[in-house]
Structure formats: C-alpha cells, structure tokens
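The values are calculated or read from the model by the stated rules, or taken from the named source; none is laboratory data. Keep in mind that this is a model prediction, so the values were computed, not measured. A quick note on method: Cβ atoms are made from the backbone with ideal geometry, for glycine too, and the neighbour counts reach across all protein chains shown.
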Amino acid sequence: MTADPVLREGIAWGKPRRGHPEGTVGAHVGDLLQTIERWGETGTRREELRFLALVHDSLKYKVQNWRPRTGGNHHAMRARRFAEGYTSDERLLATIEQHDRPYDLWRRVRSRGRVDEHAFSEMVDRIPDIDLFLRFVELDGSTEGKNHEPIRWLKAELAQRGLLEDGG
C-alpha cells in the first residue's frame, strides 16, 4: 500500500494549518507512528493503528474545495474508499470513515449546549469496534495543535452509555 501513488501524493500534501501545525499529512502520520511506538502498542493492534494512521487523512488532497465537504467529498470517506482496495475489515474502514465525527459532534455540543443524541447514536451504530475507534481517535488527537477536550468528552459519553470495554 505504501507504494501506491495515490497514498504517496496524499502523504506529501499539506501545509501548516489549524489543527495541523506540523504541515504535511506525512508529518502528521510520522507523529502518529512515533506515538504508536511510544505507547508500546504491539501485535495486531499496532498493525491496525499503523494502517489507520497511514490512510485516515491521506485523501485530503482529493477533496474538491468548491463542493461541500460531506459524503463522498469528505476526506474521511475518500480515505475509506481508498482503504477498501486494501482491506475488507469493517472495523478499520468504519474507523477511517468516522474518525473526525466525534470532533464534529463535540463542536455541536459547544454551540448548542446539548448532545445531538440521534447523530451520536448513528455514529456509534456505524462503528463495530468502539475500543479500536477510541484508541485511534486518541492517537489522532495526540499531536501538537490538537484540543484534547473532544476526546475527554467522547470518552465520557461512551462511558455514560456503557460502551467502553474497560469502563473508561
């Protein structure tokens, strides 16, 4: 997969911006890969997190900025479609597709003062492996320039619903 020209172009794309002061997608991915090692992840979980790190933002360069960044034009859906060429594991594909959703939902809570229960449930229903999803969201949110409050909020919401395997 790392030889795929689509992935290589995506990893080279980017410049410093809000939430990604490191610049290119590749610099962000490099930070995530180092964090996976620092966390001591091993075995299958390490392989899954590395796959997710490589793919999750790599199709941002394909987003058509003149169109709404939703559905098939959202970078996460584009990344999912790319990943489908390399895996059929719905746990990985759903994590890629939904990885930015918690941040979007948290922003809605901040502006409206309440959780959009329908949207939250819809997100959870689409994720077959909550623990993998949460671990990747934590990983993606661990880099410089990221606000950690959305992750704390997500963990609290999942715990409140009894959806965390280890209790939070």
Could you grab me the full set of residues in the range 8-24 that are at pLDDT 85 or above, among the small types (Gly, Ala, Ser) and part of a loop (DSSP other than H, G, I, E, B)?
Gly14
Only one residue in Leu32, Leu54, Leu59 is buried (at least 19 other Cβ atoms within 10 Å of the Cβ), under 25 Å from Leu158 (Cα atoms) and in contact (Cβ under 8 Å) with a residue 40 or more places away in the chain, so which one is that?
Leu32
Report whether or not Glu84 is more than 12 Å from the chain's Cα centre (by Cα) and of a type in the set (Asp, Glu).
yes
Can you name the number of the only condition in (1) over 20 Å from Ala53 (Cβ atoms); (2) assigned to a helix (DSSP H, G or I) that Leu134 fails?
(1)
With criteria (1) farther than 19 Å from His75 by Cβ; (2) modelled with pLDDT under 95, Asp100 comes up short on (1)
